[in-house]
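A.B. asks: Below is the structure I would like to discuss, written out as structure tokens.
Values quoted throughout were computed directly from the atomic coordinates according to the rules given, and no laboratory measurement underlies them. This is a predicted model, so every value here is computed, not measured. Quick reminder, even Gly has a Cβ in these numbers, built from the backbone with ideal geometry, and neighbours come from all protein chains shown.
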Ligand SMILES: [Zn+2]
């Protein structure tokens, strides 16, 4: 967790409101176990939404390298954790990214950073997928990019809306990935299944 000085403005006010929320939920915020909870939750929520203060485009533009390599680059099984904007409950899973460079590549860890920044905002899985794709497309200008997210949504699982363990898959692609053959190559390299 971030250090004290890394928290944003409004922390105290956030804690104040979480204390009210505890009361409204039928709890006694003054009992020992909950005494520090409002501030803990306020801090946790600031961490989980820290992506609002970070610039994913800059992460990539700061780490661009000229490179002639023009075969598919794949970064798969990137863990991500986000919160759905409808219930503010977590959804989490794996992200897989492929792109075909057009003279520029980036550090593989930077792709994970971009996912981390967008996922630390309130999201819907579909938009998260698009934003990751657009960010890579806009900064690296590759011949194509494809993003696949597989996630479990606690708002479905904990509330019993859908079958437990249901996995939601979303994908978004551009350029060369408009060709089914290119998508298939990616999916085969991922886990031998078609989308
Ligand atoms: Zn939800």
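A.B. asks: What order do you get for 84, 135, 155 when you list them from fewest to most C-beta neighbours inside 10 Å?
C.D. replies: Values: 84 19, 135 22, 155 16.
In order of increasing Cβ crowding within 10 Å: 155, 84, 135.
A.B. asks: Find the Rg to Rh ratio for the chain, where Rh is the Kirkwood radius over alpha-carbon pairs and Rg uses the same atoms.
C.D. replies: Numbers: Rg = 19.6 Å, Rh = 18.5 Å.
The Rg/Rh ratio comes out at 1.06.
A.B. asks: Would you mind ranking 133, 58 by Cβ crowding within 10 Å, fewest neighbours first? Mind showing how you got there, number by number?
C.D. replies: On the way: 133 22, 58 11.
Sorted ascending by nearby Cβ count, the order is 58, 133.
A.B. asks: Report the paramagnetic label zone for residue 21: residues of segment 49-68 whose backbone N is under 16 Å from a point 7 Å from Cα along the Cα-to-Cβ axis.
C.D. replies: 49-50
A.B. asks: Using only Cα atoms, find the angle between the long axis of helix 125-140 and the longest principal axis of the chain, and express it within 0 to 90 degrees, rounded to the nearest 10.
C.D. replies: The answer is roughly 50 degrees.
A.B. asks: Give or take rounding to whole Å, what are the principal axis extents of the alpha carbon atoms in segment 11-50, in descending order?
C.D. replies: Taking the Cα atoms of segment 11-50, the three principal extents are 29, 17, 15 Å.
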